[in-house]
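The values are calculated or read from the model by the stated rules, or taken from the named source; none is laboratory data. Just so we're clear, the structure is a prediction, and the values are computed from it rather than from any experiment. No Cβ is skipped: glycine too gets one built from the backbone with ideal geometry, and neighbour counts run over all protein chains shown. Remember, those area values only see protein heavy atoms, side chains included, never the ligands or the DNA or RNA. Shrake-Rupley method; radii C 1.70, N 1.55, O 1.52, S 1.80 Å.
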Amino acid sequence: MLHKLLSLVLVAAGLTAAPADPAYQVLVFSKTAGFRHDSIPAGVQAVRDLGAANNFTVTATEDGGAFTGANLSRFKAVVFLNTTGDVLNDTQQAAFQSYVDSGGGYVGVHAAADTEYGWPYYEKLAGAYFKSHPAIQQATVRAENRAHPATAHLGPAWTRTDEWYNYRTNPRPSVRVLQSLDEGSYSGGDMGDHPITWCHPQGQGRSFYTGLGHTAESYADPAFRGVLLGGIRYAAGVAKADCRPETGYTTLYNGSTGGWSQAGPGSFANADATLSSQGGMGLLWYNAKEFGGYSLKLDWRLTGDSNSGVFVGFPASADPQSAVDNGYEVQIDATDATDRTTGSVYGFKAADQAARDAALNPPGAWNSYELLVEGERLQVFLNGTKINDFTNTDPRRSLRQGHVGIQNHGAADQAAFRNIRIKELGGGPVTVEGESYTSSAGVQVAAHAPASGGRTLGYVDNGDWAGYANVDTAGATRFAARISSGGSGGTIQVRSGSATGPLLGSVAVPNTGGWENFQNVSTTLTASTGGPLFLSFTGGSGSLFDIDTLTLERGGAALSDKVHVFYYPWYGSPQVHGGWRHWQQGGRTPPDDIGADLYPALGAYDSGDFSGTVAQHMKWIRQAGTGVLVLSWWGRGSYEDNLARRIMDAAAAQGLKVAWHLEPYSGRTADSTVEDIRYINQTYGAHPAFSDAFYVFESLRITDWSALSQVNRDNVILAQTTDTSKIANFNGMYTYDAIAGATAPGWQQAADYARQNGLVWAPSVGPGYVDDRAVPGNTTPTLARDNGATYDKEWSNALQSGPTWVSITSFNEWHEGSVIEPAVARTGYQSFEGAYGRTGASAQTAYLDRTAYWVGRFAAAGARGS
């Protein structure tokens, strides 16, 4: 079955020939209203030379009048070449913004970051504004991404002379960094983490920026010309790349093969931080650790009709056939049956052919995979575009736990891989090979045929220890190990941080009747603080025991993609937003006096505080077990829309999904809602946190929703009602009202109708409702929390109806007092004191923890699915 693989010899700075791009046009704009670089003529000529050699035509101008909708539509990309100052008027800015967001490309070179300081959209487009620079000098540029067409031809490090910009903000959270500066290699850098070249999606278009290109000599340098060419080709859309922001990944391979083992014949040559296949059929697999929920990313390149694949979810074995029989292969192969070509789950599910072909770079060029594994679900992204969505139903296989690996198919199949990295999504057990320790005293690796991978941690004497830097003890509740002993046995002490760190638990290891006789031992853990795992060993004299594999199980609520919580990113503060937003509702004067009857534990925060507030919100949402947050969205270009991508990044870091609460902005129609859904899919659909669930708030304001037929087959669109006569063209219903859940009017009838017609029923539950401080004098009914009794009643009503999903009103709608977000006791405000019998700090998280309880009850009852 499977396949031909890859073997490919890479040359560090070599550019691989590829089919010619279709002809297109590029506009080079070099207007200056500040400092003027004398390198501009050399830069314009360099782009003309690149165009002549690469099938694009160049028009150069310094006239802002070229920025009209009609004229810009002629060009696939616009290069801002060392522009400075205010170079476009308001009309020209609007035309350019529309051009990019509708699918055009932007390339910023060097001083393009010293441009349009009064236009907030431009800062987002360019990625960051210029701050300062030291004198021109030599520095080392380090490649972070060598799959992008702008950097694939470069080695890991590049020493060159230029003028090195510092930026006002670090763009990393909102861009994909391609190159960064080593500030130790020159003087005058002040950023620490110092991106210098990056890219990102912008609306339906693409943005690329490099801080290189001050000197005229740069434009004669073939390596720098390669950067320019790759940036232009990406921005023009003729070369594909994954430019989604990326944080939180752990390197599995970027030059070092530590932790990897070859199973079967053949091998991979390791040079230039690139693995090149040789012979086969075999498998290079990461033996140091098994993974559960994760995002696995890697870059790959094939020659011609070569063949390879990436395997996931297989047990440890020295036989590559075990990965075939017990795991899944995401195929890399240009030609074969549809379920055996690039992007397919080999032999099980073909890729979306149209999406795959649109995202794929040709043989000889680099491509990037993301394999997103959540439970038994495997999603495949190619160069940032989702091309496959597969769910395992085979009881003999499981994606919930297993190893990852890359295939060397045969001598005729040449493949190369770079930059293999993983982000664990948490929530599941972590299993590692005993012999994969990263530090130790006394122990050695021992060979035992019955062991996983044929090896163990062995030669254990009293007082020895082993450390595992890649295993964090945070949240661990149980330790298990597969052991053997032909000696006296002994005790394994489980510690955190060091071999003498806090003791989390211990387990006795008996004599098992021989070194080849394995059995399992386990123990519960207490006070599982964060830090690397260490095992200390005690016992009598001589060799005590061997450890084959070890597992840490973690506590906390399992995430449920059937439980959704409404999330409001509409708050602002002077420190971040430049002024108060929402907290002043009801004529209040924040931060002490806010428009809410409860006071947030985080204070009057800003929804744009991504590293603080938003990151903490996502941790709390995960703590509650709610797998999906429903983001309040007020239209294209709204405050909430502008924050959405960064919120999705934070959600993805916690393994959460983001669905959409389509709010009734002024002028909303059925047709505009269709366009909104298309826009959200186009703008955010490739993000790993994206969910295609859309809740339409106050849907009854519009009587004719027939336009939804254009988008309701590929999305799940819910009406806010229980009136089944008002849901034509919707995929289901939700209620939102945090008061109605206490009596559940019409819920059972709506649930029965949904069940009979294959629709989603997502009743909304809430802990209470009070808006007196936000709306002084308001006569709207309130609903007391009754120390948690109200929330329990609404959850009971929801589960009794037999829901598809349960939606929660709300995580943080502070004005209406329906929050489960932690609140503090404060004079003049209500609090969570007494909820579920809790007081003090424990009361603050009472509703998060109670939500986790009900999530578990829902899972046990069995969501009926949609």
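Here is how the numbers come out for the structure above:
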quantity	calculated
Of all residues in segment 106-134 being assigned to a loop (DSSP other than H, G, I, E, B) and of a type in the set (Gly, Ala, Ser), the one that is farthest from Gly637 (Cα to Cα)	Ala128
Which listed residue is over 29 Å from Gly685 (Cβ atoms) and open to solvent by less than 10 Å² (accessible area, probe 1.4 Å), from Gly213, Gly205, Gly258	Gly213
Selection count, segment 440-456, where residues are open to solvent by less than 40 Å² (accessible area, probe 1.4 Å) and either in a loop (DSSP other than H, G, I, E, B) or within 19 Å of Gly501 (Cβ to Cβ) (or both)	4
Close pairs (7 angstrom Cβ cut-off, 6 or more residues apart or separate chains): under 17 Å from Phe811 (Cβ atoms) and in contact (Cβ under 8 Å) with a residue 40 or more places away in the chain in segment 764-783, assigned to a strand (DSSP E or B) and among the small types (Gly, Ala, Ser) anywhere	Ser764/Ser807
Filter pass, Arg826 being surrounded by fewer than 21 Cβ atoms within 10 Å (Cβ to Cβ), in a helix (DSSP H, G or I) and of a type in the set (Lys, Arg)	no
Of residues in segment 611-641 being of a type in the set (Phe, Trp, Tyr) and part of a helix (DSSP H, G or I), the one surrounded by the fewest Cβ atoms within 10 Å (Cβ to Cβ)	Tyr639
Of all residues making up segment 397-439, the number that are within 24 Å of Ala269 (Cα to Cα) and assigned to a strand (DSSP E or B)	16
Filter result for Thr743 (touching a helix residue (DSSP H, G or I) at 6+ places or on another chain (Cβ under 9 Å) and closer than 24 Å to Gly635 by Cβ)	no
Residues located in segment 679-703, provided they are surrounded by fewer than 16 Cβ atoms within 10 Å (Cβ to Cβ) and not in a loop (DSSP other than H, G, I, E, B)	Gln682, Leu700, Arg701
Some residue of segment 366-373 being over 28 Å from His148 (Cβ atoms) and not β-branched (Val, Ile, Thr)	no
Criterion violated by Arg668 - all others in (1) closer than 21 Å to Tyr736 by Cβ; (2) in a loop (DSSP other than H, G, I, E, B); (3) within 11 Å of the chain's Cα centre (by Cα) satisfied	(3)
Any hit, segment 580-592, residues being among the hydrophobic types (A, V, I, L, M, F, W, C), in a loop (DSSP other than H, G, I, E, B) and either within 22 Å of Leu662 (Cα to Cα) or under 29 Å from the mean Cα position of the chain (by Cα) (or both)	yes
Qualifying residue in segment 363-381 (condition: open to solvent by less than 10 Å² (accessible area, probe 1.4 Å), of a type in the set (Gly, Ala, Ser) and not in a loop (DSSP other than H, G, I, E, B))	no
Test set (1) open to solvent by less than 20 Å² (accessible area, probe 1.4 Å); (2) closer than 29 Å to Thr335 by Cα - Gly292 fails condition number	(2)
Within segment 301-312, tally of residues that are crowded, with 24+ Cβ neighbours inside 10 Å and within 22 Å of the chain's Cα centre (by Cα)	1
Failed item in (1) surrounded by fewer than 24 Cβ atoms within 10 Å (Cβ to Cβ); (2) more than 28 Å from the chain's Cα centre (by Cα), with Tyr253 passing the rest	(2)
Odd one out for Val460, checked against (1) crowded, with 21+ Cβ neighbours inside 10 Å; (2) under 38 Å from the mean Cα position of the chain (by Cα); (3) on the phi < 0 side of the Ramachandran plot	(2)
Residue that is surrounded by the fewest Cβ atoms within 10 Å (Cβ to Cβ) [pool: residues in segment 55-105 that are part of a strand (DSSP E or B) and hydroxyl-bearing (Ser, Thr, Tyr)]	Thr57
Of residues in segment 134-157 being free of Cβ contacts under 8 Å to residues at least 60 places away in the same chain and touching a strand residue (DSSP E or B) at 6+ places or on another chain (Cβ under 8 Å), the one least open to solvent (accessible area, probe 1.4 Å)	Ala139
Residues (closer than 14 Å to Ala823 by Cα, hydroxyl-bearing (Ser, Thr, Tyr) and free of Cβ contacts under 8 Å to residues at least 60 places away in the same chain) located in segment 599-612	Tyr605
Condition met for Gly327 (touching a residue at least 24 places away in the same chain (Cβ under 8 Å), in contact with a helix residue (DSSP H, G or I) (Cβ under 6 Å, 6 or more places away or on another chain) and either of a type outside the set (S, T, N, Q) or more than 20 Å from His687 (Cβ to Cβ) (or both))	no
Every residue from segment 272-281 that is open to solvent by 30 Å² or more (accessible area, probe 1.4 Å) and under 29 Å from the mean Cα position of the chain (by Cα)	Asp272
Some residue of segment 735-755 being surrounded by fewer than 19 Cβ atoms within 10 Å (Cβ to Cβ), of a type in the set (Lys, Arg) and in contact with a strand residue (DSSP E or B) (Cβ under 9 Å, 6 or more places away or on another chain)	yes
Single match in Ala798, Ala843 (criterion: at pLDDT below 95 and either more than 31 Å from the chain's Cα centre (by Cα) or not β-branched (Val, Ile, Thr) (or both))	Ala843
Residue identified as among the aliphatic types (A, V, I, L, M) and either part of a loop (DSSP other than H, G, I, E, B) or modelled with pLDDT under 95 (or both) among Ala719, Ala728	Ala728
Ser187 vs. criteria in a loop (DSSP other than H, G, I, E, B), surrounded by fewer than 20 Cβ atoms within 10 Å (Cβ to Cβ) and of a type in the set (S, T, N, Q)	yes
Matching residues in segment 567-608 - criterion: being among the aromatic types (Phe, Trp, Tyr) and open to solvent by less than 60 Å² (accessible area, probe 1.4 Å)	Tyr567, Tyr568, Trp570, Tyr571, Trp583, Tyr599, Tyr605
Exclusive hit being open to solvent by less than 60 Å² (accessible area, probe 1.4 Å) and more than 30 Å from Asn729 (Cα to Cα), set Gly766, Gly777, Gly817, Gly802	Gly817
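For every residue, the table says whether it meets (1) among the acidic types (Asp, Glu); (2) touching a residue at least 60 places away in the same chain (Cβ under 8 Å).
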residue: Phe390; (1), (2): no, yes
residue: Asp394; (1), (2): yes, no
residue: Arg397; (1), (2): no, yes
residue: Ala411; (1), (2): no, yes
residue: Lys423; (1), (2): no, yes
residue: Val445; (1), (2): no, no
residue: Ser452; (1), (2): no, yes
residue: Ala466; (1), (2): no, yes
residue: Thr477; (1), (2): no, yes
